[in-house]
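The structure under discussion appears below in the form of structure tokens.
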Amino acid sequence: MSVRVAQQAHFATHDGEQLFYRHWPATGARCRGAVVLLHRGHEHSARVAHLVDELDLPDFAFFAWDARGHGLSPGPRGYSPSAAASVRDLQTFAEHIRDVHGIPIEDLAIVGQSVGAVLAATWVHDYAPPVRCLVVASPAFHIKLYVPFARPGLRALYKLRGLFYVNSYVKPKFLTHDPVRIDSYAADPLITRPIAVNMLLDLHDTAKRIVADAAAITVPTQLLVSGADWVVHRGPQDRFYEHLGAARKERIELPGFYHDTLGERDRAQALAPLRAFVLREFDAPSPRVSLADADRRGAFHDEYAALGRPPTNPFARAYWAVTRAGLRASGALSDGIALGLRLGFDSGSTLDYVYRDSAQGRFGVGRLIDRTYLDSPGWVGIRQRKVHLEQLIGAAIARLRHAGAAVRIVDVAAGHGRYVLDAIASVARQDGIEPDDIVLRDYSPPNVDAGRKLIRQRNLESIARFVQGDAFDEVSLAGLEPRPTLAIVSGLYELFGDNALIERSLSGLSRAVPPGGYLVYTGQPWHPQLEFIARALNNHRGDATWVMRRRSQAEMDELVARAGFRKLEQRIDEMGIFTVSLAQRVDTR
């Protein structure tokens, strides 16, 4: 077994930080793909370097980063703005490997340990990258803090004090039986002892979401479980495995292993099945799990069906009756709640009110109620979605202009059109680029009237018009003239659980948008208030309850790909609720 020498480099992540990484080129006759190694919390890429030779995969390149705030990467030690920021770092790293080293994301095997495993699982869940396989070793889904009420206490202190750091309590001898690893851990000057409390709490909340929603992960996954782990709880690891939506999954139990699974004294017991799993996925890849029929069967269909049935528990029925009565009472004071009750909490008028983010109500207390309403997780996520929409609409416009193409925009369900016009205004201010043509469409006459008024207010009548139209009318969409080079679908597909409707809409857009044009689309893979919405809120279609079927990002991306679009970029809010993606129309001839 030859010893590979690492090349050292940096990549610019999404916010401009230059993160350090090590690269070991393949030594075989050809490079079949790459293995990306993600280190534990407190550590860095040199701590996983031994795996490059020990896994004995000469036909594969290896990459390992120093996560931000760790090792040779910049930033305060142990700090990241959020778990979501670190996950987006991983997305950027994968894109860097693709663009600079020429290895497609489809040919990446991801191996993460502890905190690195949580980041890897979250990335695969939230961004749905088409990686070859995922290996998670002793994932830190639930860290053992031992001190009673530690997390509530840390949350309270964080609110009072702001950012502070917590030192690791784990001694090296409780991480591994390997005396060499113990000594090196204690002596390593790049080991990051503290961790920012925001990151600790973020990781806990994110891991809880991913474990509960692991059905959305469909890539082949191997879970390595340390049988004598002092650092993390076993239960969430098993629940993650049981919920996984992957057709091929493995759980390898390693009795007596401590937390440093891939650095344990007897780690050959872990590395042999890991190596075999990676090779199998390259030699005989598992068939990709299709989610095109997820509206008819599977975890998200079952969840939707359960929400559509009234609760069987009489106490639950009473609780939701009281909740609905409370909303009606609040609607007498809060303008936002009153608007939702009148027109639907998913209506274009409600979304426009949420975008404006100005609390309105009566008698003082009404404004306080309205402020609480506007600051609910869903509406905070909606406003962040608007920011992401503006970013990706701007990116699409810039790409079109760079290619010398006309910028002709259509939004098929624009509501009042505020977010589209705001995005266009932002691009005009920053880059001096204006579209050639803008068509805003919506099915609702009140939305059409409000949108036309907004166009007049912004003096855009020369290039923009608002017309009534059905976003699910394939023929109408296919016949759009002039042919749009940028189509936008925001906040629509999430409201309809039937995939046939979505495919009809996407098919029409695929026929309308020429190859090289773009599609900006949104998704809602998760929502913390899903049952509240289903039991208490009415929708714009006049239904007494608003029951939504969630689509995983993998499902939404598959529907878009089937229509002839290739996903290029994605954004997601820090709570993991709303996504915005940019795709390009490909020539399928």
Self-check item: Residues (open to solvent by 40 Å² or more (accessible area, probe 1.4 Å), touching an Asp or Glu at 6+ places or on another chain (Cβ under 8 Å) and under 30 Å from SER376 (Cα atoms)) located in the range 500-528
Solution: TRP526
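Criterion first (within 25 Å of ARG566 (Cα to Cα) and open to solvent by 60 Å² or more (accessible area, probe 1.4 Å)) does GLN468 satisfy it? It would help to see each step written out before you state the result.
On the way: within 25 Å of ARG566 (Cα to Cα): no; open to solvent by 60 Å² or more (accessible area, probe 1.4 Å): yes.
Considered against the rule, which asks whether it is within 25 Å of ARG566 (Cα to Cα) and open to solvent by 60 Å² or more (accessible area, probe 1.4 Å), GLN468 comes out as no.
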Quiz item: Which condition does GLU242 not pass, out of (1) in contact with a helix residue (DSSP H, G or I) (Cβ under 6 Å, 6 or more places away or on another chain); (2) not in a loop (DSSP other than H, G, I, E, B), if it passes all the others?
Solution: (1)
Self-check item: Pair list, Cβ under 7 Å, 6 or more apart: the range 457-475 residue touching a residue at least 40 places away in the same chain (Cβ under 8 Å), other residue surrounded by 15 or more Cβ atoms within 10 Å (Cβ to Cβ) and of a type in the set (S, T, N, Q)
Solution: GLY469/SER476; ALA471/SER505
Quiz prompt | Test set (1) of a type outside the set (Lys, Arg); (2) open to solvent by 10 Å² or more (accessible area, probe 1.4 Å); (3) part of a helix (DSSP H, G or I) - ALA359 fails condition number | solution = (3)
Practice problem: Can you work out which of the residues in the range 48-66 that are more than 13 Å from VAL111 (Cβ to Cβ) and among the charged types (D, E, K, R) is most open to solvent (accessible area, probe 1.4 Å)? | Solution: ASP56
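Just give me the residues in the range 301-316 being part of a helix (DSSP H, G or I) and within 33 Å of the chain's Cα centre (by Cα), in sequence order. Working first, answer last.
First, pick out the residues of the range 301-316 that are part of a helix (DSSP H, G or I): 301-308, 314-316.
Within the range 301-316, HIS301, ASP302, GLU303, TYR304, ALA305, ALA306, LEU307, GLY308, ALA316 qualify.
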Exercise. Could you list all residues from the range 551-582 that are out of contact with any helix residue (DSSP H, G or I) (no Cβ under 8 Å at 6 or more places or on another chain), part of a helix (DSSP H, G or I) and more than 12 Å from TYR521 (Cβ to Cβ)?
Key: GLU558
Quiz prompt | Selection within the range 317-347 - buried (at least 17 other Cβ atoms within 10 Å of the Cβ) and part of a loop (DSSP other than H, G, I, E, B) | solution = LEU333, GLY344, PHE345, ASP346, SER347
Exercise. Identify the residue in the range 480-499 that is more than 27 Å from the chain's Cα centre (by Cα) and closer than 13 Å to VAL412 by Cβ and, among all such residues, is surrounded by the fewest Cβ atoms within 10 Å (Cβ to Cβ).
Key: LEU480
Exercise. Among what's in the range 534-589 and is small (Gly, Ala, Ser) and free of Cβ contacts under 8 Å to residues at least 40 places away in the same chain, pick the residue that is farthest from LYS386 (Cα to Cα).
Key: ALA544
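Return a yes/no flag: does the range 86-94 have any residue that is open to solvent by 50 Å² or more (accessible area, probe 1.4 Å) and acidic (Asp, Glu). Before the answer, list the steps.
If we filter the range 86-94 for residues that are open to solvent by 50 Å² or more (accessible area, probe 1.4 Å), which is where we start, we get 88.
Still in the running and acidic (Asp, Glu): none.
Looking for residues that are open to solvent by 50 Å² or more (accessible area, probe 1.4 Å) and acidic (Asp, Glu), one finds none in the range 86-94, hence no.
When the residues of the range 230-253 are narrowed to those that are open to solvent by 50 Å² or more (accessible area, probe 1.4 Å) and either among the β-branched types (Val, Ile, Thr) or touching a residue at least 60 places away in the same chain (Cβ under 8 Å) (or both), which ends up farthest from THR176 (Cα to Cα)? Lay out the reasoning, then the answer.
So in the range 230-253, the residues open to solvent by 50 Å² or more (accessible area, probe 1.4 Å) come out as 230, 233-234, 239, 242-243, 247-249, 251, 253.
Checking the rest, the ones that are also either among the β-branched types (Val, Ile, Thr) or touching a residue at least 60 places away in the same chain (Cβ under 8 Å) (or both) come to 230, 233.
Working: TRP230: 10, HIS233: 16 Å.
The qualifying residue farthest from THR176 (Cα to Cα) is HIS233.
The values are calculated or read from the model by the stated rules, or taken from the named source; none is laboratory data. Because the structure is predicted, anything quoted here is derived from the model rather than measured. Positions of Cβ are backbone-derived with ideal geometry, glycine not excepted, and every protein chain shown enters the neighbour counts. For accessibility, only protein heavy atoms count, side chains too; no ligands or nucleic acids. Shrake-Rupley method; radii C 1.70, N 1.55, O 1.52, S 1.80 Å.
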